[in-house]
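A short worksheet on the structure shown next.
The values are calculated or read from the model by the stated rules, or taken from the named source; none is laboratory data. Predicted, not measured: the structure shown is a model, and the values here were computed from it. Cβ coordinates were reconstructed from backbone atoms using ideal geometry, including for glycine residues, and neighbour counts include every protein chain displayed. Areas reflect the complete protein model, heavy atoms only, side chains present, ligands, DNA and RNA absent. Shrake-Rupley method; radii C 1.70, N 1.55, O 1.52, S 1.80 Å.
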Amino acid sequence: MSPVWSLGAGLLLLLLWVRHRGLEAVLVHHRWIFVCLFLLPLSILFDVYYQLRAWAVWRLHSAPRQHAQRVRHIQAQVREWKNEGSKRYMCTGRPGWLTVSLRVGKYKKIHKNIMINLMDVLEVDSERQVVRVEPLVTMGQLTAHLNPMGWTIPVVPELDDLTVGGLIMGTGIESSSHIYGLFQHTCVAYELVLADGSLVRCSPTENSDLFYAVPWSCGTLGFLVAAEIKMIPAKKYVKIHYEPVRGLQKICEKFTEESKKKENSFVEGLVYSLDEAVIMTGVLTDEAEQSKINRIGNYYKPWFFKHVEKYLKADRTGTEYIPSRHYYHRHTRSIFWELQDIIPFGNNPVFRYLFGWMVPPKISLLKLTQGEAIRKLYEQHHVVQDMLVPMKSLEKSIQTFHVDLNVYPLWLCPFILPNNPGMVHPKGDEAELYVDIGAYGEPKRKQFEARASMRQMEKFVRSVHG
């Protein structure tokens, strides 16, 4: 039988099976079929388009010239809204499904949509060590742009598709945050279009009240049109050390100890059960032992969290060298560990070698095609939550996560929280060491109820000044 006939017969059998089971049942319980056949190829096309676009814009140096024109267009839209009587709230016209957040915002259907098409790197200033970017520039785009020039930014949140605007208006963190703070603390200036249509630049010395109010404001103060971010020299590798730790108290003590060491460029923890974790510390370097180089970002490599788990199962420490950009985006291919629920065999060596180059599917496409049944399933039986709590409350926090959610792995990421003005600051007058605890996946707690559990978790976070 020819390949064409084989493919046709296979598709026919698939369609008959889908008709027998029902499309909704297949999409909910066997979503990997739709993801593998349609979303993975579409995701590749998305990536190719945006990479070619970014390359062309930079080679033609068109971004700085077009930026001012685009900003004027945004101002004109805002002034039009004002002339119409300001009857509705404004919001960005970017479709809700394009955002990385799993939340589906319905407000865009009833609010005045302001179209903001700002997705370019505008300027790399080596003398000031600052990069000026538009708000829709992604982390993958930014590191791909800066690394060949010998630069990076101090805090690079892992997922490729996270945008500068989202990380400023919401929050952004990385395993280097115990030195540099949150993403917002690496920014030196913002440019915003306010509700009267005016363009304003703010920094610690210029409109400082607005500068400190912007982070975590979720776009309520104005439309971000540009940001200036600090740069630091890039190095070729991250020398990373893996250390399994058992016992909750020892886990917390070890993680706290390593987070206080400024000689560690990176500190991260993956908690695989209530009393089992791997603590990772990394140092930037240009030198590497060739036999210990691990290009973990290559498509055929094991997912990072599974690779780390091997050290726990073998109960051994280890050291290896990961190329810097591979390290920065180490959780991208598996969307931390969310992809194992969508493609259960995604980490299988056969799948990785044959189809791993297409992974991951775009979160935006997953949202666009999820349907009402899957959306409700995620809302009621899935959590994607990050709680930021003082480091001194880490042990109590992990116990609370275990009782209320029972989701593993848990992601631990330390950060220093300076006593700056604005919405987010420590309780006291001094900078304080905090930790982000990320829970992503299906809770194993019996009788889990999403709304009640989240309210309980939020109550706990408030009680420890998180």
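Would you please name the chymotrypsin sites (Phe, Trp or Tyr not before Pro) within the range 70-99 that are DSSP coil residues with at most 12 other C-beta atoms within 10 Å of their C-beta?
When the chymotrypsin sites (Phe, Trp or Tyr not before Pro) of the range 70-99 are filtered for loop state and at most 12 Cβ neighbours within 10 Å, TYR89 remain.
Just to check I understand the Karplus step: with θ = phi - 60° and J = 6.51 cos²θ - 1.76 cosθ + 1.60, what whole-Hz values come out for the range 43-58, glycine and proline as x?
5, 4, 4, 4, 4, 4, 4, 5, 5, 5, 4, 4, 5, 5, 4, 5
With the full set of protein chains in place, find how many percent of the accessible area of the range 237-464 is carbon and sulfur; take the probe as 1.4 Å.
50
Excluding ligands and nucleic acids, what accessible area in Å² is computed for TYR299 using a 1.4 Å probe, to the nearest 10?
Looks like 90 Å² after rounding.
List, in order, the whole-Hz ³J(HN,Hα) value for each residue of the range 115-124 obtained from phi through the Karplus relation with A = 6.51, B = -1.76, C = 1.60 and θ = phi - 60°; use x for Gly and Pro.
Whole-Hz 3J(HN,Hα) from phi for the range 115-124: 6, 10, 10, 10, 9, 10, 7, 8, 7, 10.
Under a crude label model (7 Å from the Cα following the beta-carbon direction), how far is ALA68 from TYR353 in nanometres?
With each label placed 7 Å out from Cα toward Cβ, I get 5.7 nm.
Gap in Å between the Cα centre of the range 207-283 and the Cα centre of the range 64-87?
Going from one Cα centre to the other spans 37 Å.
When the accessible area of the range 67-233 is computed with all protein chains present and a 1.4 Å probe, what percentage of it is carbon and sulfur?
55
So if I take the centroid of the Cα atoms in the range 303-342 and the same for the range 155-206, what is the distance between those two points in Å?
The range 303-342 and the range 155-206 have Cα centres separated by 27 Å.
Before anything else, pin down the relative contact order of the range 237-464: Cα pairs under 8 Å, at least 6 apart, normalised by residue count, whole percent.
Computed value for the range 237-464: 21 percent relative contact order.
Quick one: compute the contact order of the chain, relative version, from alpha carbon pairs under 8 angstrom and 6+ residues apart, as a percent.
RCO, the chain: 15 percent.
Roughly what would the spin-label model give for ASN117 and LYS306, points 7 Å off Cα along C-beta, in nm?
4.0
Give the calculated FRET efficiency between LEU159 and GLU263 to the nearest 0.05, with a Förster radius of 30 Å applied to their Cβ-Cβ distance.
After rounding to 0.05, the efficiency reads 0.65.
Given the -39500 (n - 2.57) contribution per DSSP H run of 4+ residues, what per-residue ellipticity at 222 nm results for the chain, rounded to the nearest 500 deg cm²/dmol?
Counting only the DSSP helices, I get -11000 deg cm²/dmol.
Out of residues 5 or more away from LEU118 or on other chains, whose amide H comes under 5 Å of its own, with H placed 1.01 Å from N in the peptide plane?
Here LEU136 satisfy the definition.
Which of these values of mean projected area of the Cα convex hull in nm² was calculated from the structure shown: [x] 25.6; [y] 28.0; [z] 21.8?
Recomputing mean projected area of the Cα convex hull in nm² here picks out [x].
Counting heavy atoms of the protein chains only and a 1.4 Å probe, report the per residue accessible area for the chain as a whole number of Å².
49
If packing is taken as the average count of other Cβ atoms within 10 Å, what order do 195-202, 364-371 fall into, highest mean first?
364-371, 195-202
Compute the length gained on full extension between GLU430 and VAL403: take 0.36 nm times their separation in residues and subtract their Cα-Cα distance, giving the result in nm to one decimal.
6.5 nm
Of all beta bridges DSSP finds with both residues in the range 67-233, what is the antiparallel percent, to the nearest 5?
90
Leaving ligands and nucleic acids out of the surface, order TRP151, TRP216, TRP357 by accessible area at 1.4 Å, largest first.
TRP357, TRP216, TRP151
So how do 380-386, 268-274 stack up, highest first, on mean other-Cβ count within 10 Å?
Most protected by this proxy first, the peptides run 268-274, 380-386.
Can you tell me the length gained on complete extension of the stretch HIS61 to GLU395, counting 0.36 nm per residue apart and subtracting the Cα distance?
The HIS61-GLU395 span can extend by a further 115.2 nm.
Near ARG462, within a Cβ-to-Cβ distance under 13 Å, what is the net charge of the other residues, with Lys and Arg +1 and Asp and Glu -1?
It works out to a net charge of +2.
Any chance you could run the full-extension gain for SER217 through LEU52? It's 0.36 nm times the residue separation minus the Cα-Cα distance, nm to one decimal.
Result: 56.1 nm gained on full extension.
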